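The structure under discussion appears below in the form of structure tokens.
The values are calculated or read from the model by the stated rules, or taken from the named source; none is laboratory data. Not measured: the values here are computed from a predicted model. When we count neighbours, we look across all protein chains shown, and the Cβ atoms used for this are built from the backbone with ideal geometry, even at glycine. Heads up: the accessible areas ignore ligands, DNA and RNA and are worked out on the full protein's heavy atoms, side chains in. Shrake-Rupley method; radii C 1.70, N 1.55, O 1.52, S 1.80 Å.
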Amino acid sequence: MILKKFLLFLLLMTLVASCKSDPKENKLTTSEYSDFLNKTFTGDLAYKTTSFVEKYWRVVGNTGFNASIQNVADALENAGFVLEEKADSTTILTYRIEKRSLKQPTWESIDAFVQLNNEEEPLLQHKTNRNMIALNSYSTTKEGVTAEVIYIKDISKLKETNVKGKIVFVETSPAKVFKTAIVEGGAVGIVSYNNPDYLQPEKNTTSIQFRSIPLNEEEKSWAIALSYAAKERLKNKLSKSPVKLTVQIKTKIYPSEELTLVADIKGTKNPKERLVFSAHVQEPGANDNATGVGVALEMATLTATLIKEEKLSTDRTLTFLWGDEIISTRRYVEEDSIRANDIKWGISLDMVGENTEITGGSFLIEKMPDPSAIWTRGKDKHTEWGGSVLKLEQMKPHYLNDFVIRIFKEQGKRANWEVNTNPFEGGSDHTPFLRANIPSVLFWHFTDQFYHTDNDRLDKVSKTTLKNVGVAALVSAYTLLNADENTAKTVITNIENAAVNRLQEELKQSKIALENGDELETQIAILNAWQDWYIKASLTTYDMVNDSMLLQPSITKTQNIIKATTKKAIIELHK
């Protein structure tokens, strides 16, 4: 009887054990990342965070910047991240807030009002144009400053013009004339207009692109940036008679500290190796860059949830960085050389949530420097932001370009979402990584007709775009963090396909160039540059495996195909 009961107990235990799922069976595989994330990444937290952050005019150290950092930190805590100083060696989810004294005081705008010739309707007011006060402007007296406006059409004539006690009106950056007008000329202030054409100022007549002046504690002066409508109104009045402006400004300038928020999701096998997403907090807009802050936060918290539910583990560490554009990222890379050596990939999230039906442009992946940054032709186009022509020695051959392009294009096809690329231009958080020879790309949008203007508000943000960027970015990240021999071989095949397609396109462009009288030698140099770039890119896949011999046959095969394609193209050019 006892034996029967014991056997029955064993049978029951076996049944219970069989009903329990093995944690390994719950874990997502690489092929499941996209489907799963499209179901679970909603964009809700990204949008909510964007809404919180965009309320503030953010400069490092000021109230809005610090509130944004704290908002993200609170959300990380709620998601299970542990303050680093309270964590132990087994803690997977950690965060820290780094604090450093600022060398210069911080600044924030409070209020402003500009009245033209005592007219009832203000020329500008802060409640509708929060970019009107140039960064680093000091407050006026409560009553404001009333002075005659002098229009300097040709700024080369500014030095020889008596502007003492007057308000100087220029159509250029106020910083460009600050020394001559204020410090040397004795002007009481500056009003300026300088909206570039890509902002479509005659259409977006109330937009003001934010401007700055040098912080000058002796002069304690100010500058006002004008919208197109305000500029036209002022010029019209000046064409008829002298004009006086009354300018009231209230700002705060005070000592503060710089905050940088770093969140880590520790890898299980190679925790020192990491992928870093960087999202800068400063700048006053919604798309630029409250959206980057929001997407990064939802990416971090969703990953934390998957880790806790044992649906995901990462071999390498995933890091999120929120701080001051370029400065925080550069410091993260430079201040710890040992850590920097183990940063395998860096990705910048900047202007990643746009409703392009309103803003214009499209989502873009700015590539690591490749030959399209030297010879920009065909489908490759620089944005209106612009980029300088690079040299061959500045190229950064790596698989990261085509790797993320493939994943984002797949998300684009799935979600009917436009994804494009642009040659390297710089100017965001990907540049410190690249300077340190860390593979890095930028996710962003351009052209944006509200870029850096006070019309870059929440109504220009799309939750759908936030989701698409977040999903594709996480698919890319998870794949890289768990990359192994199979991943590398897939990437090598992707490099081969991308190289063949590129060489065929360059052959087509070279034929057009030859028809237009360009030299054959130049066209051959272009083809050879692309061949060299892709051959070297194939070699970078070694960083996914411990034993390079595992990939050697695949790499050799791909390189031979690239060389054969190039040779065939050059022969074709000689015909």
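Here are some notes:
- Those residues of the range 45-66 which are open to solvent by 20 Å² or more (accessible area, probe 1.4 Å) and more than 20 Å from the chain's Cα centre (by Cα), in sequence order: Thr63
- Candidate set: the range 76-110, residues that are open to solvent by less than 20 Å² (accessible area, probe 1.4 Å) and under 22 Å from the mean Cα position of the chain (by Cα); chosen: the one farthest from Thr317 (Cα to Cα): Leu76
- Residues in the range 189-201 that are out of contact with any helix residue (DSSP H, G or I) (no Cβ under 7 Å at 6 or more places or on another chain), outside any strand (DSSP E or B) and buried (at least 22 other Cβ atoms within 10 Å of the Cβ): Leu199 alone.
- Filtering the range 119-144 to residues that are open to solvent by 40 Å² or more (accessible area, probe 1.4 Å) and more than 30 Å from the chain's Cα centre (by Cα) leaves Glu119, Glu120, Glu121, Gln125, Ser139, Thr141, Lys142, Glu143.
- Some residue of the range 173-184 being within 15 Å of Phe210 (Cα to Cα) and open to solvent by 70 Å² or more (accessible area, probe 1.4 Å): yes
- Number of residues in the range 251-272 that are surrounded by fewer than 18 Cβ atoms within 10 Å (Cβ to Cβ), in contact (Cβ under 8 Å) with a residue 60 or more places away in the chain and not in a loop (DSSP other than H, G, I, E, B) equals 4.
- When Ile524 is tested against (1) of a type in the set (Val, Ile, Thr); (2) farther than 30 Å from Gly353 by Cβ; (3) touching a strand residue (DSSP E or B) at 6+ places or on another chain (Cβ under 9 Å), just one condition goes unmet, and that condition is (3).
- Among the criteria (1) part of a helix (DSSP H, G or I); (2) in contact with a strand residue (DSSP E or B) (Cβ under 8 Å, 6 or more places away or on another chain); (3) surrounded by 20 or more Cβ atoms within 10 Å (Cβ to Cβ); (4) not small (Gly, Ala, Ser), the one Asp448 does not fulfil is (1).
- Residues located in the range 514-533, provided they are free of Cβ contacts under 8 Å to residues at least 12 places away in the same chain and in a helix (DSSP H, G or I): Glu515, Glu521, Thr522, Ala525
- Scope the range 516-566; condition open to solvent by less than 10 Å² (accessible area, probe 1.4 Å), over 19 Å from Glu505 (Cα atoms) and polar (S, T, N, Q); matching residues: Ser538, Thr541
- Within the range 119-152, the set of residues being more than 24 Å from Tyr254 (Cβ to Cβ), in contact (Cβ under 8 Å) with a residue 40 or more places away in the chain and of a type in the set (D, E, K, R) comprises Glu148 only.
- Criterion applied to Leu349, Leu302 was being within 22 Å of Thr465 (Cα to Cα), aliphatic (A, V, I, L, M) and buried (at least 24 other Cβ atoms within 10 Å of the Cβ), and the one residue passing it is Leu349.
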